[in-house]
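The next block holds one structure in the form of structure tokens; read it before the comments.
The values are calculated or read from the model by the stated rules, or taken from the named source; none is laboratory data. Since this is a predicted model, take the numbers as computed values, not measurements. Counting neighbours? That spans all protein chains shown, and the Cβs are built from the backbone with ideal geometry, glycine included. With ligands, DNA and RNA removed, areas are computed over all heavy atoms of the protein, side chains included. Shrake-Rupley method; radii C 1.70, N 1.55, O 1.52, S 1.80 Å.
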Amino acid sequence: GAVVSQHPSRVICKSGTSVKIECRSLDFQATTMFWYRQFPKQSLMLMATSNEGSKATYEQGVEKDKFLINHASLTLSTLTVTSAHPEDSSFYICSARGSQGFNNEQFFGPGTRLTVL
Amino acid sequence: DAKTTQPTSMDCAEGRAANLPCNHSTISGNEYVYWYRQIHSQGPQYIIHGLKNNETNEMASLIITEDRKSSTLILPHATLRDTAVYYCIVLYNFNKFYFGSGTKLNVKP
């Protein structure tokens, strides 16, 4: 299957700082990327959908000014958590979907664990 | 968007078949059923998907009932490495995955 990477794999930051997480599709062009958040012992919650070159679509209840998403190329999307607070500590996972031949299958990255002190 | 219902957890003996059920009674005619699994602290891994017909690949088989209101994922010979949370997802509007709570499969020696 296709490979999606995330960087960093884990990050610890101080409250009030901003953190950027990168999501890359390594061997295919991802027309659509998705960002999820997962709290301990819970399921994945879809945060937003981004299409290359356009603004992200956020799910209800997700603050677009706090979670900035950029999908500037067909292989890279970034999620920036602005002014992070301890309650933003979570496991952030991206997925990517190609334009052809993937039957709408999403390929998931390995996740980024964010800890805000 | 179609919701899915899965048992919270299941046990399976190593080497035996694991049958994981999923109810999706509100599924629409053109919505696919996908199965993913998540091993602890990793990203979800694709297993299989289907629309109407039963499907099989190197990992598993997917049995979808004729009315499409439920499905069963079958791992034919479960190993300890199959211990994971298994998610049954209905693809909404050909676009988004909304994950349910999944089934924690415990494969025991």
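State all residues of segment A:44-71 that are open to solvent by less than 30 Å² (accessible area, probe 1.4 Å), within 11 Å of chain B (Cβ to nearest Cβ) and of a type in the set (S, T, N, Q); if no residue qualifies, say none.
Within segment A:44-71, A:Thr49 is the sole residue that qualifies.
Hey, does segment A:62-84 have a residue that's of a type outside the set (Lys, Arg) and under 21 Å from B:Gly100 (Cβ atoms)?
So far as segment A:62-84 goes, yes, one or more of its residues are of a type outside the set (Lys, Arg) and under 21 Å from B:Gly100 (Cβ atoms).
Taking the condition of being touching a Cys at 6+ places or on another chain (Cβ under 7 Å) and part of a strand (DSSP E or B), how many residues in segment B:78-103 meet it?
Within segment B:78-103, residues that are touching a Cys at 6+ places or on another chain (Cβ under 7 Å) and part of a strand (DSSP E or B) number 1.
On the given criteria, is A:Thr32 open to solvent by less than 30 Å² (accessible area, probe 1.4 Å) and not aromatic (Phe, Trp, Tyr)?
On the way: open to solvent by less than 30 Å² (accessible area, probe 1.4 Å): yes; not aromatic (Phe, Trp, Tyr): yes.
Yes: the conditions hold for A:Thr32.
Restrict the check to segment B:76-90 and report whether at least one residue is over 20 Å from A:Phe107 (Cα atoms), surrounded by 14 or more Cβ atoms within 10 Å (Cβ to Cβ) and either basic (Lys, Arg) or within 14 Å of chain A (Cβ to nearest Cβ) (or both).
No, because not a single residue in segment B:76-90 is over 20 Å from A:Phe107 (Cα atoms), surrounded by 14 or more Cβ atoms within 10 Å (Cβ to Cβ) and either basic (Lys, Arg) or within 14 Å of chain A (Cβ to nearest Cβ) (or both).
Name the residue, out of A:Val62, A:Val116, that is among the β-branched types (Val, Ile, Thr) and touching a helix residue (DSSP H, G or I) at 6+ places or on another chain (Cβ under 8 Å).
After ruling out the rest, the residue left standing is A:Val116.
Output the number of residues of segment B:64-87 satisfying the condition of being modelled with pLDDT under 95 and of a type in the set (Asp, Glu).
Total meeting the criteria: 2.
Could you grab me the full set of residues in segment B:16-42 that are open to solvent by less than 40 Å² (accessible area, probe 1.4 Å) and either under 30 Å from A:Leu114 (Cα atoms) or modelled with pLDDT of 95 or more (or both)?
Scanning segment B:16-42 gives B:Ala18, B:Leu20, B:Cys22, B:Tyr34, B:Trp35, B:Tyr36, B:Arg37, B:Gln38.
Kindly indicate whether A:Ala72 is outside any loop (DSSP other than H, G, I, E, B) and over 10 Å from the mean Cα position of the chain (by Cα).
Considered against the rule, which asks whether it is outside any loop (DSSP other than H, G, I, E, B) and over 10 Å from the mean Cα position of the chain (by Cα), A:Ala72 comes out as yes.
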